[in-house]
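The values are calculated or read from the model by the stated rules, or taken from the named source; none is laboratory data. What you see is a predicted model, and the numbers here were worked out from it, not measured in a lab. Please note: Cβ atoms are built from the backbone with ideal geometry, for glycine as well, and neighbour counts cover all protein chains shown. Surface areas here come from the heavy atoms of the whole protein model, side chains and all, with no ligands, DNA or RNA. Shrake-Rupley method; radii C 1.70, N 1.55, O 1.52, S 1.80 Å.
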Amino acid sequence: MSLSTPARLFRPFSLLTATAILATPLVVAAPAAAASETPHLLITEIAPDNVGYDDFEFIEVHNLGTEAVDLDADSVGLSYIYADSDDRSSDVPLTVEPGTVIDAGETLVLWLSYTTSTVDSFAKTVDDFRSHFAATQPQTDYDVVRVTGQSGMANGGGRGVRLSVADAEVSRAFVPVGGAGTDLSVHFQVAASGTSAAVLSTLAEPSPGVVAPEALIAEEPEPVVEIAPAT
């Protein structure tokens, strides 16, 4: 959709104006560096609820960059969040397995693992994890690593995950209330701007390790509608 362009106002170009311009020293500004709106890491899926006990909750991350990222590095932060905002006061730090690296262009599944009175993710294997999602994701060669620090994600939504590098947020994904269901995920895509991922689909089939091509394309920005002044 094309955007409306305000009418330009033209004024006569007088000799006095031309003389003033010629008398002004010419200053050429250096071009500003283009700021990329695409974070190099993107949270692409969150699955907070499973059939039966929540043994297989997961967070999916994709590396959009050209270099591998060590998710276990001190400079990289992963956390469970309670609000879709920059406020980190209530963030719960999450810890990945030592040596967890996500290569450029690759996708990694972070399996939230914990033990409660009903859930024992550690009693399950990676093969168990893949088997659980085989109906919607029959591939078995995707990478799965455990992440700890939070005893489960809220099934009803209103929670999310934040990724930061050198204390700067690079990706935030927030599950809207009612957006997830029993073995139904929320899928995210690159936002039109900023680092808060856009919701691509809700109540969607889980596909750990597989990212839809459209998720890696920035969402269309909201159209700007100009309202003509009343005459």
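Which residue is nearest to the chain's Cα centre (by Cα), if the candidates are limited to the stretch 40-74 and must be among the aromatic types (F, W, Y) and open to solvent by 10 Å² or more (accessible area, probe 1.4 Å)? My answer is F56.
Candidates in the stretch 75-114 are the residues that are open to solvent by 30 Å² or more (accessible area, probe 1.4 Å) and of a type in the set (G, A, S); of these, the one that is nearest to F174 (Cα to Cα) is A83. Only one of the listed residues (V28, V92, V96, V101) is of a type outside the set (D, E), farther than 17 Å from Y142 by Cβ and at pLDDT 85 or above. That residue is V92.
Here is a yes/no grid of residues against (1) of a type in the set (G, A, S); (2) more than 12 Å from D54 (Cα to Cα); (3) without any contact (Cβ under 8 Å) to a residue 12 or more places away in the chain:
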position: W111; (1), (2), (3): no, no, no
position: S117; (1), (2), (3): yes, no, yes
position: S121; (1), (2), (3): yes, no, no
position: V126; (1), (2), (3): no, yes, no
position: T136; (1), (2), (3): no, yes, no
position: Y142; (1), (2), (3): no, yes, no
position: G149; (1), (2), (3): yes, yes, no
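Just checking, does the stretch 97-105 include any residue being out of contact with any strand residue (DSSP E or B) (no Cβ under 7 Å at 6 or more places or on another chain), free of Cβ contacts under 8 Å to residues at least 40 places away in the same chain and of a type in the set (V, I, T)? Looking through the stretch 97-105, none of the residues is out of contact with any strand residue (DSSP E or B) (no Cβ under 7 Å at 6 or more places or on another chain), free of Cβ contacts under 8 Å to residues at least 40 places away in the same chain and of a type in the set (V, I, T). Looking at the stretch 127-143, which of its residues are buried (at least 18 other Cβ atoms within 10 Å of the Cβ) and of a type in the set (A, V, I, L, M, F, W, C)? Correct list: F129, F133. Might you check whether a residue that is closer than 17 Å to D54 by Cβ, in contact (Cβ under 8 Å) with a residue 12 or more places away in the chain and either surrounded by fewer than 21 Cβ atoms within 10 Å (Cβ to Cβ) or β-branched (V, I, T) (or both) occurs anywhere in the stretch 188-197? No, the stretch 188-197 contains no residue that is closer than 17 Å to D54 by Cβ, in contact (Cβ under 8 Å) with a residue 12 or more places away in the chain and either surrounded by fewer than 21 Cβ atoms within 10 Å (Cβ to Cβ) or β-branched (V, I, T) (or both).
Scanning the stretch 93-113 for residues that are closer than 8 Å to V147 by Cβ and assigned to a loop (DSSP other than H, G, I, E, B) returns E97, S113.
For the stretch 132-139, the condition of being over 20 Å from A168 (Cβ atoms) and within 17 Å of the chain's Cα centre (by Cα) holds for none of the residues.
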